[in-house]
Amino acid sequence: MGCNCLNQTSIGGTAIDITLLEPCLEKYADTEGSLIPILQKAQELYGWLPTDLLAYIAERTGVKPAKVMGVVTFYTQFRTKPSGKHLILLCQGTACHVNGSAEIEEAIRGHLGVGEGEITGDGLFTYSNVACLGCCSLAPAMLIGEKTYGNLTKVSAVKILKEIAAKEAAQ
């Protein structure tokens, strides 16, 4: 898996400035076990992790491309596809499931008009299910960005999305 991005500002068809990641790569160059912080920084900078970028990270760190991809696909925090400005993670764990997460999913997807992993037409939201958010006492729950919303109903979930969209429109 060779990297074609050493001198490019376009990776995976998306224009990015690879030099933004260089300070992080230099900081962790000789630190074993630093792959996750590097990937986190790359995703923070670019919003997602294109395959060519992962190949570049593998080359720069000396980590085998298969290992890089294995880490990325193992942890749900990493995205290999672009996402909307606000990533919605709806918990489908046992507590959330028995408290109605299926109906909430239906309401959210119906309101947004998207399927699993899809981006809304305005680029504002991406919807995804997750196995567990680790906040069972708030079931059913969802995470949008850094904020957790709990004790959801179909109505409250859609209301939250409308409020976020209204704030975005006002900016």
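Structure summary
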| quantity | calculated |
| --- | --- |
| Residue count, the stretch 117-171 (criterion: within 14 Å of Lys85 (Cα to Cα) and among the hydroxyl-bearing types (Ser, Thr, Tyr)) | 4 |
| Test for Leu89: is it part of a helix (DSSP H, G or I), surrounded by 13 or more Cβ atoms within 10 Å (Cβ to Cβ) and not hydroxyl-bearing (Ser, Thr, Tyr) | no |
| Lone qualifier among Gly115, Gly84 - being loosely packed, with under 15 Cβ neighbours inside 10 Å and either modelled with pLDDT of 95 or more or under 22 Å from Leu49 (Cα atoms) (or both) | Gly115 |
| Among residues of the stretch 134-171, those that are surrounded by fewer than 15 Cβ atoms within 10 Å (Cβ to Cβ), free of Cβ contacts under 8 Å to residues at least 40 places away in the same chain, in a loop (DSSP other than H, G, I, E, B) and among the small types (Gly, Ala, Ser), counted | 1 |
| Thr126, sole failed condition from (1) assigned by TED's automatic domain parsing to the domain that holds Leu152; (2) in a helix (DSSP H, G or I) | (2) |
| Filter result (part of a helix (DSSP H, G or I) and not aliphatic (A, V, I, L, M)) within the stretch 105-123 | Glu105, Glu106, Arg109, Gly110, His111 |
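The values are calculated or read from the model by the stated rules, or taken from the named source; none is laboratory data. These numbers were taken from a predicted model, which means no experiment stands behind them. Glycine also receives a Cβ, built like all others from the backbone with ideal geometry; neighbour counts cover every protein chain displayed.
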